[in-house]
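Inspection log for the structure reproduced underneath, given as structure tokens.
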Amino acid sequence: QVQLVESGGGSVQAGGSLTLSCVHTGIGYNQDCFGWFRQAPGKEREGVARIYITTRNTYYSDSVKGRFTVSLDNAKSTLYLQMTSLKPEDTAVYYCAAGGTHCGLTSDYYDYWGQGTQVTVSL
């Protein structure tokens, strides 16, 4: 059974930093990638970053490129999202996800999801 649990969200002033964590269990070779998504009230869920499990190849949305970094620590079974230079528009619930046989930055590529963690960036 695959399970993903996010943590590390909180409140921060614009320009600040936060690091989100996603502890995963039950992840095997059938899962090719991890992704990070976010959803603000009244808005569509947006993919922000993804990483291939084997190659560590990463991809970011234009809105976070240069500010966010996704990484994976296999020893700790944890996915991370380092966020810097945060903006008020980054405010959202952030979700981690695990994919199947292929990776992408849209939600249809992913089969398993965490419960989400709130990130609030104030002016």
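The values are calculated or read from the model by the stated rules, or taken from the named source; none is laboratory data. These numbers come from a predicted model, not from an experiment. So basically every Cβ, Gly included, is an ideal-geometry build from the backbone, and we count neighbours across all protein chains shown. The accessibility values were calculated without ligands, DNA or RNA, using every heavy atom of the protein model including side chains. Shrake-Rupley method; radii C 1.70, N 1.55, O 1.52, S 1.80 Å.
Annotations for the structure displayed:
- Here Lys43 is the anchor, and the lysines within straight C-alpha reach of less than 25 Å, apart from those fewer than 8 places off in the same chain, are Lys65, Lys87.
- Close amide H partners of Leu86, meaning residues 5 or more places away or on another chain with modelled amide H under 5 Å apart, are Gly15, Gly16.
- Amide proton proximity set for Thr19, modelled H, under 5 Å, gap of 5+: Met83
- Residue-wise HN-Hα coupling along segment 98-107, computed from phi with Karplus coefficients 6.51, -1.76, 1.60 (Hz; x: Gly, Pro): 10, x, x, 9, 9, 10, x, 10, 10, 5
- Heavy atoms of Tyr95 accessible to a 1.4 Å probe, total area in Å² rounded to 10: 40 Å²
- Segment 98-123 versus segment 22-41: alpha-carbon centroid distance in Å: 6 Å
- When Rg and Dmax are taken over the Cα atoms of the chain, they come to 13.4, 42 Å.
- The length gained by stretching the chain between Gln82 and Thr19 to full extension, at 0.36 nm per residue less their Cα-Cα distance, is 22.2 nm.
- Distances between placed amide hydrogens fall under 5 Å for Thr91 paired with Val121, all partners being 5 or more residues away or on another chain.
- Karplus 3J(HN,Hα) series, Hz, for segment 61-72 with 6.51 cos²θ - 1.76 cosθ + 1.60 (x for Gly, Pro): 6, 4, 5, 10, 4, x, 10, 10, 9, 9, 8, 9
- Sulfur and carbon atoms: percent of accessible area, the chain [1.4 Å]: 48 percent
- Globularity ratio of segment 1-53, using Cα Rg and 2.2 N^0.38 Å: 1.36
- Whole-Hz Karplus values for segment 110-123 come out as 10, 9, 10, 9, x, 7, x, 9, 7, 10, 10, 10, 8, 6 Hz, taken residue by residue from phi with 6.51 cos²θ - 1.76 cosθ + 1.60 and θ = phi - 60°; glycine and proline positions read x.
- Relative contact order computed over segment 50-123 (Cα-Cα under 8 Å; 6+ residues apart), in percent: 27 percent
- Segment 1-78: GluC sites (Glu not before Pro) in DSSP coil with no more than 10 other Cβ atoms inside 10 Å: Glu44
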